[in-house]
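Participant: This is the structure I have questions about; it appears just below.
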Amino acid sequence: MMKALKNSILVCLITLGCFATAHAILPIERLDSFKGSKGYLVQTKALPMVDIEVSIDAGHRFDPIGKSGLADMTAGLMNYGVKSDQGMLSEAQIADEIADLGANISLSVGGERTILRIRSLSRKDLRDRAVKLTAAMLSSPTYETKIVEREKQRTITNLLEAETKPEFILERRFKKSVYGNYPLGTTPTIKSVAAVSANDLMQFHKQFYRSDRMIVSIVGDVDQAQANEIVQILLQKIPQSGASIAQLPELQRSPVEPLAQREIQIPFDSQQAHITMGMTAVTRSNPDYFPLLVGNYVLGGGGFVSRLMAEVREKRGLAYSVFSYFAPGKDTGIFQAGLQTKSDQAAMALEVMSSTIAKFIADGPTPSELLAAKSNLVNGYPLRIDNNRKLLDNVSSIAWNDLPLDTMEIWTKQVEAVTLEQVSAAFQKYLAMDRMKIVVLGAKNK
């Protein structure tokens, strides 16, 4: 009996210790600046792994007119052939080396930035090989014409398939309606991809892939000295600066006056109507970010406990799922809400979604809704940082958006501090139904 009691106490202590460790907020350390870049580190010792990200100011918004898709292809083809210290490496040799290391190297391109990530064992010999291979990809991709043409054809094939899918058509039209002439309003087409050449990729890489446009974030089992060494290996052969880059056009925020034409109807042969609505909104560094975050949890971000879900699904059965969210970046931001419903219910679903959002903008949340939203966000926060990859996501966002380095430490306090008045004021300041663009795809003509 006594032994069982001791074992139970020991299990409880271990469990509490693990809980405390899992919820501890690890500090972000600033690394030495190298060739104009910025670097950040979070040291974690739980696993012998290291996750590394290079954020490059080379997103979709820098695609030239008529060559939308260039940023995607520049990043996507960096691992299809490189010049390394060991000579030329083909795409097959690069893939074999990554597999031999047991590492993962991935590339993605968003509206504002390109992101390259490495996941490797932290053992120095394996880590250094992965970092050196990535450094060659960053500094010396070959962009062979034969491979570029092959991948262009593959991209065009994928586009042809995507253009048969309602989600793709809806999102393309929505972005154009919200962003207008700003570069993020343009998405790749068959014509724009066909216009891209190997020389275009080389020029784009030369223009934007420079260390003064890069941020390196590291999370894992390395110390400051090792992290600084990683940054130096990654960026050693990358130029620090280059020719001046033309300034982007100013993003036209959603107009103050009501829109004359808000709704776009797109015919589509489907039993389901796809509906989305939204407008430009705040950046991540905006002081009203947290009131909007908490408020949107009540409106449409809280899943089954949200207002939109209650009104659209629970009360009327108009859709299986309905959502709303703010997607803030460093220089741009957007609010979007959407659902899918039967084509003959599209008008009713749109009316319910619109009226629910309008009522929330006018009245805000109730005290009980606000309290529940803050509680759910605060209690769920540990799940946002419970592994290295999620930590890296947070460090990357903090670095890219120029947020204070203690953002993870004070995040829950900022959520808890949000008031009803702040939520109402923020929603009324940044959202208005008569300025939202609406796209309905697949509904029967009225």
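Participant: Only one residue in LEU420, LEU405, LEU377 is outside the structural domain of ALA58 (by TED's automatic domain parsing), surrounded by 20 or more Cβ atoms within 10 Å (Cβ to Cβ) and either more than 24 Å from PHE335 (Cβ to Cβ) or of a type outside the set (Val, Ile, Thr) (or both). Which one?
Facilitator: So the residue among LEU420, LEU405, LEU377 that is outside the structural domain of ALA58 (by TED's automatic domain parsing), surrounded by 20 or more Cβ atoms within 10 Å (Cβ to Cβ) and either more than 24 Å from PHE335 (Cβ to Cβ) or of a type outside the set (Val, Ile, Thr) (or both) is LEU377.
Participant: In this structure, is PRO287 at pLDDT 95 or above, over 30 Å from TYR209 (Cβ atoms) and out of contact with any Lys or Arg (no Cβ under 7 Å at 6 or more places or on another chain)?
Facilitator: Against the criterion (at pLDDT 95 or above, over 30 Å from TYR209 (Cβ atoms) and out of contact with any Lys or Arg (no Cβ under 7 Å at 6 or more places or on another chain)), PRO287 qualifies.
Participant: Give the residues of the stretch 219-267 that are at pLDDT 90 or above and of a type in the set (Val, Ile, Thr), sorted by residue number.
Facilitator: VAL219, VAL222, ILE230, VAL231, ILE233, ILE238, ILE245, ILE264, ILE266
Participant: Would you confirm whether any residue within the stretch 38-56 is closer than 23 Å to ALA198 by Cβ and among the acidic types (Asp, Glu)?
Facilitator: Within the stretch 38-56 (the criterion being closer than 23 Å to ALA198 by Cβ and among the acidic types (Asp, Glu)), the answer is no, since none of the residues qualifies.
Participant: If you don't mind, another one. For ALA373, which of the numbered conditions (1) closer than 12 Å to VAL294 by Cα; (2) in contact with a strand residue (DSSP E or B) (Cβ under 8 Å, 6 or more places away or on another chain); (3) of a type in the set (Gly, Ala, Ser) fails to hold?
Facilitator: (2)
Participant: Only one residue in ALA135, ALA130 is assigned by TED's automatic domain parsing to the domain that holds GLN93, within 20 Å of MET88 (Cα to Cα) and in contact with a Ser or Thr (Cβ under 6 Å, 6 or more places away or on another chain). Which one? Working first, answer last.
Facilitator: On the way: ALA135 fails: in contact with a Ser or Thr (Cβ under 6 Å, 6 or more places away or on another chain).
Of ALA135, ALA130, the one residue that is assigned by TED's automatic domain parsing to the domain that holds GLN93, within 20 Å of MET88 (Cα to Cα) and in contact with a Ser or Thr (Cβ under 6 Å, 6 or more places away or on another chain) is ALA130.
Participant: ASN79 fails exactly one of the following numbered conditions: (1) over 20 Å from THR155 (Cα atoms); (2) surrounded by fewer than 23 Cβ atoms within 10 Å (Cβ to Cβ). What is the number of that condition?
Facilitator: (1)
Participant: If I go through the stretch 93-130 residue by residue, how many of them are closer than 30 Å to PRO64 by Cα and of a type in the set (D, E, K, R)?
Facilitator: Total satisfying the criteria: 3.
Participant: May I pose another question? Could we say that LEU116 is surrounded by fewer than 19 Cβ atoms within 10 Å (Cβ to Cβ), in the same structural domain as THR155 (by TED's automatic domain parsing) and in contact with a Leu (Cβ under 6 Å, 6 or more places away or on another chain) here?
Facilitator: no
Participant: Also, I was wondering about something else. Can you pull out the helices (runs of 4 or more DSSP H) entirely within the stretch 103-179 that have at least 3 residues that are out of contact with any helix residue (DSSP H, G or I) (no Cβ under 9 Å at 6 or more places or on another chain) and of a type outside the set (Gly, Ala, Ser)? Explain how you work it out, then say what you get.
Facilitator: Values: elements: 124-139, 145-162, 166-179.
Counting at least 3 such residues, we get 145-162, 166-179.
Participant: Taking the stretch 348-365, which residues are surrounded by fewer than 15 Cβ atoms within 10 Å (Cβ to Cβ) and over 16 Å from TYR320 (Cα atoms)?
Facilitator: Hits for the stretch 348-365 are GLU351, SER355, LYS359, ALA362, ASP363.
Participant: Continuing with this model, one more query. Looking at this structure, is ILE245 under 26 Å from the mean Cα position of the chain (by Cα), of a type in the set (Val, Ile, Thr) and under 28 Å from ILE334 (Cα atoms)?
Facilitator: Values: under 26 Å from the mean Cα position of the chain (by Cα): yes; of a type in the set (Val, Ile, Thr): yes; under 28 Å from ILE334 (Cα atoms): yes.
So ILE245 fits the description; yes.
Participant: Out of SER424, SER375, which single residue is touching a residue at least 40 places away in the same chain (Cβ under 8 Å), in a helix (DSSP H, G or I) and of a type in the set (S, T, N, Q)? Before you say what the answer is, go through the steps one by one.
Facilitator: Values: SER375 fails: touching a residue at least 40 places away in the same chain (Cβ under 8 Å).
None of the other options fit; the residue is SER424.
Participant: Go through (1) crowded, with 23+ Cβ neighbours inside 10 Å; (2) of a type in the set (Ser, Thr, Tyr); (3) more than 30 Å from ALA417 (Cβ to Cβ) and name the single condition SER306 misses.
Facilitator: For SER306, the exception is condition (3).
Participant: Then there's this: Scan the stretch 22-41 and tell me whether some residue there is assigned to a helix (DSSP H, G or I), at pLDDT below 95 and either outside the structural domain of SER397 (by TED's automatic domain parsing) or in contact with a Gly (Cβ under 7 Å, 6 or more places away or on another chain) (or both).
Facilitator: yes
Participant: Within the stretch 328-353, work out how many residues are free of Cβ contacts under 8 Å to residues at least 60 places away in the same chain and in contact with a helix residue (DSSP H, G or I) (Cβ under 6 Å, 6 or more places away or on another chain).
Facilitator: Selection size over the stretch 328-353: 1.
Participant: Further, regarding this structure: Could you tell me which of the residues VAL305, VAL294, VAL219 is touching a residue at least 40 places away in the same chain (Cβ under 8 Å), assigned by TED's automatic domain parsing to the domain that holds GLY39 and not small (Gly, Ala, Ser)?
Facilitator: Result: VAL219 is the single residue among VAL305, VAL294, VAL219 that is touching a residue at least 40 places away in the same chain (Cβ under 8 Å), assigned by TED's automatic domain parsing to the domain that holds GLY39 and not small (Gly, Ala, Ser).
The values are calculated or read from the model by the stated rules, or taken from the named source; none is laboratory data. Computed from a predicted structure; not experimentally measured. Note: ideal-geometry Cβ built from the backbone for every residue, glycine included; neighbour counts use all protein chains shown.
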